[in-house]
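First up is the structure itself, then whatever we jot down about it.
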Amino acid sequence: MEPSQYVRLLKRRWLVLFVFVAVFASLGYASTLLSEEDPGPVVTRWTAAQILVVDQDAEQVPDLQLAAVFATSGDVVDRVAEERGVPREELAPTLRTVSDRTEGKITISAVASTPEDARDVAQRITEEFLVEINKDSAANYQTQLDQLAQDVEARLDEVTALQATVDLLLAVQDSEVELTSAQADDLRRAQASRETALSRLATAEEARETLEKAGPPESPLVILDEILPFRISEREYNSRIAEGRQGQRDFDVGQVSLADTSSPTVSERLESPAARALLGGLAGLVLGIMAVLVHARMDPRIRSKEQAEEAFGLPILADIPIIVRKDRKADVLHARDKPRSAIAEAYRYLRSVLLFSRAGAQADPAALLSSDVEGVAGREVRVVMITSAGQGEGKTTTAANLAVLMAEAGHDTVLVNCDFRLPSAHKLIGLDYEPGTVAETGVPNLRFIADVERTDNDTPGQVSER
């Protein structure tokens, strides 16, 4: 089968697929309700995380992995524990940091029994952590400012000393005492050094003023998003506490991720009714598709032209569209009542095939169904019998439409009813059931025989041979 045929087959059997999906989804959902093991009371734990990123404009960026240690130890934990009134040993194991040097960020998270506690602890730890980081930055700023002040004072002392030397030599010169060549050289050197010292003093004072105007540096880390607590499993909560008590609180992004520490495991997700129902539905869909394909492979019935041609080794003469139920109930004869319809055109094609492409049936009955028509042209088909294996398959409809179209083509045509059990051809023609008579139908060149002389033991095949 071609892929398009598989698609059509699945579309035709959509109800089977729906039943399989519904049944297996229900079984998956029920499996969680019928579990023999009592899971006990459901305990919900919470975690909250605050993400800090490096400010791109920061002049000094701390080592993130080393800085992250401040959030889970030292004065930061002590201050928050004292503020909340809990022992430090109880608060510290609930904390965790994950540093990412590549992305330039630190994630500070906390676990607790309520979402409020998880959010508050993570928020306060983050705030105190930033205070600790900024404290170092402020200390570095003050150190730089002190160094610049000392530099300005040293430059000022240098300028004062050089100015005193220049003043002394100028005083000697003003006393109308001629300076020696050595004293004159000393005066020039002192004046040049004084100018250089004044320039260095101006530079140092400018640097100090610039640093004072800039003020203390802002924090190199900024808060990225708002803290949002979310649920974690009891197992994950206990695992976090156990790791924290062992001192495993600070991780690199390559060792652990926030998703790993804050989301349920795959096995825990599969325990939920929704997950079981989804898996059951997927299993039902797969099994349904397999069932449809296996049934189609084992089904001996013929459902397409290709299957018919393959089964009989004979070509299809014509493909007649399905007649809608409204036309079937109204006994519409398309060749007469709707001559321009697609169904009427399909029957005209069948008429043409019988008259021109399969014209050797009298000489060789197999030629009617043979694809080789060479040498049989010019022979005339006198009798065409329409038959099928079951009831309601279109024998009467095909015979009546074909008879009307044969008459339309100018052939003197007789439509003979051979359905002795449930005759209905007279209804399509619009006549009463009158056995043994040849009736005019109102269609030129077409007459109708409702029944023929026969005995009760005659079969339709024997009657048609007469």
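The values are calculated or read from the model by the stated rules, or taken from the named source; none is laboratory data. Source: prediction; values computed, not measured. Note that we place each Cβ from the backbone using ideal geometry, even for glycine, and neighbour counts take in every protein chain shown. The accessibility values were calculated without ligands, DNA or RNA, using every heavy atom of the protein model including side chains. Shrake-Rupley method; radii C 1.70, N 1.55, O 1.52, S 1.80 Å.
Approximating the spin labels as points 7 Å out from Cα along Cα→Cβ, the ALA30-to-PHE312 distance works out to 4.7 nm. In segment 280-360, the portion of solvent-accessible area held by carbon and sulfur atoms comes to 60 percent [1.4 Å probe, whole percent, DNA, RNA and ligands not counted]. Bridging of LYS395 to lysines at a Cα separation below 18 Å is possible for LYS305, LYS329, LYS427, once same-chain residues fewer than 8 apart are set aside.
Approximating the spin labels as points 7 Å out from Cα along Cα→Cβ, the GLU2-to-LYS305 distance works out to 1.1 nm. Once the Cβ-Cβ distance of GLU205 and LEU168 is raised to the sixth power relative to R0 = 35 Å, the FRET efficiency obtained is 0.85. On full extension, the segment bounded by PHE18 and PHE230 gains 72.8 nm, given 0.36 nm per residue less the C-alpha separation.
Annotation: extensible slack from VAL294 through GLN191 equals 26.2 nm (criterion: 0.36 nm per residue apart, minus Cα-Cα distance). Taking 0.36 nm per residue of separation and subtracting the Cα-Cα distance, full extension of the segment from THR143 to SER219 would add 25.7 nm.
For segment 50-131, the solvent-accessible area works out to 46 Å² per residue, with a probe of 1.4 Å and every protein chain left in place. Calculate the spin-label point distance for ILE322 paired with GLN246, positioning each point 7 Å from the Cα along the beta-carbon direction, and give it in nanometres. Result: 6.7 nm between the two label points. Heavy-atom accessible area for MET385, with the other protein chains in place and a 1.4 Å probe, reaches approximately 120 Å². Rolling a 1.4 Å probe over the protein heavy atoms leaves THR397 with an accessible area of roughly 40 Å².
Going from most exposed to least, what order do ILE106, ILE51 have by accessible area with a 1.4 Å probe? Walk me through the numbers before you get to the answer.
Numbers: ILE106 0, ILE51 35 Å².
Sorted descending by solvent-accessible area, the residues read ILE51, ILE106.
Once the Cβ-Cβ distance of MET385 and SER272 is raised to the sixth power relative to R0 = 51 Å, the FRET efficiency obtained is 0.20. Sorting THR180, THR97 by solvent-accessible area of protein heavy atoms yields THR180, THR97, largest first, with a 1.4 Å probe.
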